Structures are given as C-alpha cells and as structure tokens.
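The values are calculated or read from the model by the stated rules, or taken from the named source; none is laboratory data. This is a predicted model, so every value here is computed, not measured. Note that each Cβ is placed from the backbone with ideal geometry, even for glycine, and that neighbours are counted across all protein chains shown. What goes into the accessible areas is simple: the full protein's heavy atoms, side chains included, and nothing from ligands, DNA or RNA. Shrake-Rupley method; radii C 1.70, N 1.55, O 1.52, S 1.80 Å.
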Amino acid sequence: MSRLLVSDTNIFIDLEEGNLLNEFFALPYEIAVPDILYYEELATSHSHLLHCGLQVLSLTSSTMLQAEKLMLIYPKPGRNDCFALLLAKQEACPLLSGDAALRRAAESEKIHCMGTIWIIEEMLKHDLVSYERAKRAYQLTVIPTKISHHKDFPDSYSYT
C-alpha cells in the first residue's frame with residue numbers, strides 16, 4: 001500500500017472526537033488533503049494539523065478539469081470531498097473517508113477507500129493505542145454518528 005493517504009475532513013473530526021489525532025499522525029503514513037479543502041474547511045479551526053504533519057497538496061490543472069465532471073456524476077459528496085477523491089486518484093493512493101456518499105463514489109472510481117475503523121485497527125497493529133483506548137475511541141466516534149451501519153467493536157484484537 002502507498003505510504004501516502006488522502007483524507008477528507010470527516011476523518012479528522014472523528015479522530016479529534018476520539019482523542020486520537022496524535023496517534024493518527026504517528027502511523028507510518030503521510031497524510032494529505034487537497035489545498036482547497038484545507039483552506040475552506042480546516043485552516044481556520046484546525047491549522048494545528050499542519051504541525052502534526054498534515055500535507056496540503058494541489059490538484060493539477062487536468063485533475064481540476066475532471067472535478068466538474070465528477071460532481072455531475074456524483075452529486076451527493078460535497079465539492080471538497082470530490083477534490084479529495086480526485087487527489088487520491090491523481091496521487092494513485094488510497095482515500096480516507098467516513099462519508100458514505102464519498103465512499104460509494106470512490107468505489108465507482110476504483111479508488112481504495114478506508115475509514116475510521118481501519119485507522120483504529122492500524123493504531124492497534126502498530127501498538128500506538130491499547131485495545132481499551134481503541135474501544136473507547138470507537139464508542140466516541142462511530143457509535144454516536146454511525147451506529148446504524150457498523151457492528152459492535154470486537155471483543156479482542158489479535159495481530160500476528
């Protein structure tokens with residue numbers, strides 16, 4: 001898997017709610033967002049993400065031309081979500097998102113997409129959080145907002 005992962009804003013909100021931002025940036029991945037998404041959604045209240053290691057990348061002019069078409073095909077994800085999807089496509093790397101409409105669009109566009117659960121599993125795998133802390137974070141982030149389509153947190157994790 002690519003070391004670069006492109007994220008939407010939703011992931012940062014989940015990880016802040018679960019108090020896992022530092023652990024997220026300690027994973028062996030580079031995390032990036034499109035510049036327009038950063039300046040419109042994150043810069044004012046979340047500029048600290050840059051100090052954590054967040055990269056802000058630009059879409060090429062040819063990728064920007066694809067954006068208009070993509071937004072017509074997939075009206076549900078927001079404009080900046082479409083920019084995140086296109087940046088993942090441009091950089092040939094996975095997308096991080098918890099937004100159902102964006103995940104469906106990514107699947108249709110053949111972009112590998114992972115969410116908060118995958119991130120928490122990676123934190124466990126890399127010994128960045130204990131199982132109990134991961135479970136608490138899961139309860140803080142997933143259950144209040146997304147309980148309708150997620151199973152309960154597993155009773156235990158084992159990585160060999």
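Which members of the range 92-105 meet the condition of being open to solvent by 70 Å² or more (accessible area, probe 1.4 Å) and in contact (Cβ under 8 Å) with a residue 60 or more places away in the chain?
Result: ALA92, single match.
Output the qualifying pairs, or none if there are none: Cβ atoms under 8 angstrom, residues six or more apart or on different chains, first residue in the range 106-117 and within 15 Å of LYS89 (Cβ to Cβ), second residue among the charged types (D, E, K, R).
Pairs that qualify, where the first residue is within 15 Å of LYS89 (Cβ to Cβ) and the partner is among the charged types (D, E, K, R), are GLU109/LYS89; ILE111/LYS89; CYS113/ARG103; CYS113/GLU107.
Just the residues that are without any contact (Cβ under 8 Å) to a residue 60 or more places away in the chain and surrounded by fewer than 20 Cβ atoms within 10 Å (Cβ to Cβ), please, taken from the range 79-91.
Listed by number, the residues that qualify are ARG79, LYS89, GLN90.
Output the residues belonging to the range 11-21 that are surrounded by fewer than 21 Cβ atoms within 10 Å (Cβ to Cβ) and in contact (Cβ under 8 Å) with a residue 40 or more places away in the chain.
Across the range 11-21, the qualifying residues are GLU17, ASN19.
Which count do you get for residues in the range 92-118 that are at pLDDT 95 or above, out of contact with any helix residue (DSSP H, G or I) (no Cβ under 6 Å at 6 or more places or on another chain) and under 17 Å from LEU27 (Cβ atoms)?
4
If you go through the range 123-133 one residue at a time, how many are within 13 Å of LEU27 (Cβ to Cβ) and in a helix (DSSP H, G or I)?
Of the residues in the range 123-133, 3 are within 13 Å of LEU27 (Cβ to Cβ) and in a helix (DSSP H, G or I).
Name the single residue, out of those in the range 22-77 being among the β-branched types (Val, Ile, Thr) and surrounded by fewer than 14 Cβ atoms within 10 Å (Cβ to Cβ), that is nearest to the chain's Cα centre (by Cα).
By that ranking, first place goes to THR44.
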